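I have placed the structure first, in the form of structure tokens, so that the comments after it can refer back to it.
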Amino acid sequence: MRTQTRSLLDQCSPERRAEIERRVETLLSELTLEQKVGQLNQLNADFATGTAVGDMDVERGVFDGDIGSVLNFGDLDEARRLQELAVEESDHGVPLLLAFDVIHGHRTIFPVPLGEAASWNPEMAELSARVAATEAAASGIHWTFAPSVDVGRDPRWGRVMEAAGEDPYLSSEISKARVRGFQGDDLSADDTVLACAKHYVGYGASEAGREYNTVDISETNLREVHLPPFEASLEAGVGSVMNAFNLYERIPASGNEKLVNDLLRDELGFENLVVSDWNSFGELRNHGVASDLREVARACIEAGSDVDMVSGAYATELVGLVEDDVVDESLVDSAVRRLLTVKGVLGLFDDPYRYFDADRQSRRTLTDDHREAARAVARESQVLLKNEDDLLPLDGDENVALVGGLADSDTDMLGAWRAEGDPDDVTTLRTTLADRVENVTYAAGCDRDGTVSDTQLADAVDTVADADVAVVAVGERYSQSGEAASRAHLDLPGDQRALLEALVETGTPVAAVLFSGRPLTIDWEAEHVPAILEAWFPGVEAGPAIADVLLGEHNPSGRLPMTFPLTEGQIPVYYNRLKTGRPAEDADVDLTEPPSDHGEKYLSRYLDIPNDPLYAFGHGESYTDFAYTDLSLDASTITTDETLSVEVTVENTGDRAGTEVVQLYLRDAVGSRSRPVRELARFENVDLDAGESATVTFELAAADFEFWTADEAYAAEPGAFEVQVGHASDDIRAVERFELVE
Ligand code: NOJ
């Protein structure tokens, strides 16, 4: 099997595994059909993270034994009360599983996941998930609905903020690290939580970037682009997977047997829990593939989906479906077995109250170490998009004007999906600069929503005109990305561009700090503002982490995990695109000018804009420079059983220490299906002192050359390949070729 899936039971010792299996089977044989169906029913306790569905009396349901898991509960006391109802008051006494969306930190909020992925450093992703798990598990949470592993290539879609960007390989590496961070190596420990790879699968391909919109992708696209981060999560041992809202082959993912039973379970070997998304079962009716809840319940249980998040379809219909011999009871048993196994692995049969310890919660929440970790991740997540004439870093003794509502906004720094994050915990850029820079004057210039009043504008212009340098915070509010936050226009909201224009006009050099949960269209800014630092939504340590970069205490090493389009009309635009029949890039044509004749016209291009994006995948500047030399392969021909060793020397040619993210791309010249122009296959962060060099070695094997071939199978096809190594997907510094033979 290509994917080395690790089940939850595989991760237990043989003795523990046997004990869990025994308890699960005993329970299964004791539960009535109604009670088993109740286990598959998940309800919402507190604030809702979706549209209201039915009437949810959670306490009554738990007391009656009709609920197996609960999401979005309030505090520890509520968690304990619910658990007591389940264990001590319900007839069956089976403990509840408590779930919450812990996406980028629980109380100590880290950068949003897209920002974290910009670190290109899986250790950072693992660290943030580790801290999040420690705090969540001390707050009564057993199960987080994270990581989101959706590959996103359309920045209009607000949920690109929640995952790791446009590339299957980078997303896979980051997703694996997140799963390891959440689950650790012992799920019964008191500082780990069950992870959930979501949304299975293809959600990132929502048409036109519109949230909850339809998806229509080929099987090849599914397997090559959207599936790999799920496979990586299964290899990391993820204990649950969430159904996506979207269609695949015109069948909603939750009720799609081909996706769940055939692909996820049979082909990829996933033995653990599949949970629906919020009412995604119920939405089968809206998609027009079921006329009532009975048809919904039948389709979903037959597809292999186990837990019903809030739709009530299983709760109201499964018993009848079994009694009428429409659905085989063994399907219900299998789903319940998977859920009970999770409860067993989490240690809930040993002690259902193990996660409710107020003392532990206060000791483990928002500690200095956690804040330090959040700052480290936030430093590494920033991407220096441009830095003309080395405007940054600042010396710190300049007269600095700080402008922008976002520089003073605590709540925006937390991003969307902030779990228990509290704006009061945030150190803003304004607070930090006031502490660390002697001469700094703040003028709001605009509100946090980007609106600029005449007084604000005049005040900001005066402040900037009097300063040596201006730091201007611009971007989105936190609620403009995340779930249900698609945008058609990706430029700076409100009047922020006009504000920047006026500030640039003063002649004082401007460094913009950009806050966003997605790539924005900032072509004007890229042309006129000398320095731009993408800070995403950095979390509780926003101010200190950004100041570390602005003041040169941290040399930025973040790289874009997603392409920044020049304008919305290019979307979707991503680096690993397929070749076209009329490639404009290979023709000797200036694509920034309109075509002048037939030869220039009949190419894959626009009449009015170039094809190239503003900033490509992998792009990111540093305060130093790196040179690449001596790229070599240890063979010019290899068989599919052999490995290929790639070496390259990287030198820090500047005068300060820095980190280069060495990126290795593969180009498969000819395949039975058209192959992308290049694909990321490896990367490594290399720390180099000024003047230092290092040799980086990458090992490649057949699995790296495999793809979904025209034979409908994964295989590495013989032929010519290029190894491209460099600083970014559009800044390849060295190329070597080799031949793959049978
Ligand atoms: C809907 C979202 O799509 C999903 O990601 C989340 O986990 C659930 N709501 C629960 O809040």
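The values are calculated or read from the model by the stated rules, or taken from the named source; none is laboratory data. Predicted model only: the values in this text are computed from it and were never measured. As a convention, Cβ positions derive from the backbone with ideal geometry for all residues, glycine included, and neighbour counts pool all protein chains shown. Remember, those area values only see protein heavy atoms, side chains included, never the ligands or the DNA or RNA. Shrake-Rupley method; radii C 1.70, N 1.55, O 1.52, S 1.80 Å.
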Residue count, segment 279-307 (criterion: more than 13 Å from the ligand (Cβ to nearest atom), within 25 Å of the chain's Cα centre (by Cα) and not in a loop (DSSP other than H, G, I, E, B)): 0
Which numbered condition Gly165 fails, given (1) closer than 30 Å to Asp491 by Cβ; (2) more than 16 Å from the ligand (Cβ to nearest atom); (3) open to solvent by 10 Å² or more (accessible area, probe 1.4 Å): (3)
Given (1) closer than 30 Å to Pro676 by Cα; (2) of a type in the set (Ser, Thr, Tyr); (3) assigned to a helix (DSSP H, G or I), number of the condition Thr134 does not satisfy: (1)
Filter result for the condition that a residue is farther than 19 Å from Ile67 by Cα, out of contact with any Cys (no Cβ under 7 Å at 6 or more places or on another chain) and not aromatic (Phe, Trp, Tyr), over Ala376, Ala335: Ala376
Residue check, Ala177 under 30 Å from Asp357 (Cα atoms) and surrounded by 23 or more Cβ atoms within 10 Å (Cβ to Cβ): yes
Residues of segment 101-159 that turn out to be away from the ligand (no atom under 16 Å from the Cβ) and of a type in the set (Val, Ile, Thr), as a count: 4
Checklist (1) open to solvent by 50 Å² or more (accessible area, probe 1.4 Å); (2) over 25 Å from the mean Cα position of the chain (by Cα) applied to Asp612, failing item: (2)
Qualifying residue in segment 349-357 (condition: within 27 Å of Glu525 (Cβ to Cβ) and touching a residue at least 60 places away in the same chain (Cβ under 8 Å)): no
Residue in segment 282-303 that is of a type in the set (Ser, Thr, Tyr) and touching a residue at least 24 places away in the same chain (Cβ under 8 Å) present: no
Strands (runs of 3 or more DSSP E) enclosed by segment 626-742 - at least 2 residues per element that are of a type in the set (Asp, Glu): 644-652, 658-668, 679-688, 731-741
Residue that is least open to solvent (accessible area, probe 1.4 Å) [pool: residues in segment 243-274 that are assigned to a helix (DSSP H, G or I) and charged (D, E, K, R)]: Arg265
For Arg210: the one exception among (1) surrounded by fewer than 22 Cβ atoms within 10 Å (Cβ to Cβ); (2) in contact (Cβ under 8 Å) with a residue 12 or more places away in the chain; (3) more than 15 Å from the ligand (Cβ to nearest atom): (3)
Residue within segment 313-330 that is surrounded by 24 or more Cβ atoms within 10 Å (Cβ to Cβ) and either modelled with pLDDT under 95 or in contact with an Asp or Glu (Cβ under 6 Å, 6 or more places away or on another chain) (or both) present: yes
Residue in segment 708-715 that is under 27 Å from Asn121 (Cβ atoms) and surrounded by fewer than 19 Cβ atoms within 10 Å (Cβ to Cβ) present: no
Tally of residues being over 23 Å from Gly618 (Cα atoms) and open to solvent by less than 50 Å² (accessible area, probe 1.4 Å) across segment 670-690: 1
Near pairs, Cβ below 8 angstrom, 6+ apart or cross-chain, from segment 190-205 (under 21 Å from Ala133 (Cβ atoms)) to any residue that is away from the ligand (no atom under 13 Å from the Cβ) and among the aromatic types (Phe, Trp, Tyr): Asp190/Tyr355; Thr192/Phe182; Val193/Phe182; Leu194/Phe182; Ala195/Phe182; Ala197/Phe230
Number of positions in segment 351-374 that are surrounded by 24 or more Cβ atoms within 10 Å (Cβ to Cβ) and closer than 28 Å to His619 by Cβ: 1
Checklist (1) within 16 Å of the ligand (Cβ to nearest atom); (2) open to solvent by 10 Å² or more (accessible area, probe 1.4 Å); (3) more than 30 Å from Ala52 (Cβ to Cβ); (4) of a type outside the set (Asp, Glu) applied to Pro229, failing item: (2)
Every residue from segment 611-625 that is in contact with a helix residue (DSSP H, G or I) (Cβ under 9 Å, 6 or more places away or on another chain) and either more than 19 Å from Met562 (Cβ to Cβ) or assigned to a strand (DSSP E or B) (or both): Tyr615, Tyr623
Which listed residue, of Leu71, Leu33, is under 28 Å from Ala484 (Cα atoms) and either open to solvent by less than 40 Å² (accessible area, probe 1.4 Å) or in contact with a helix residue (DSSP H, G or I) (Cβ under 9 Å, 6 or more places away or on another chain) (or both): Leu71
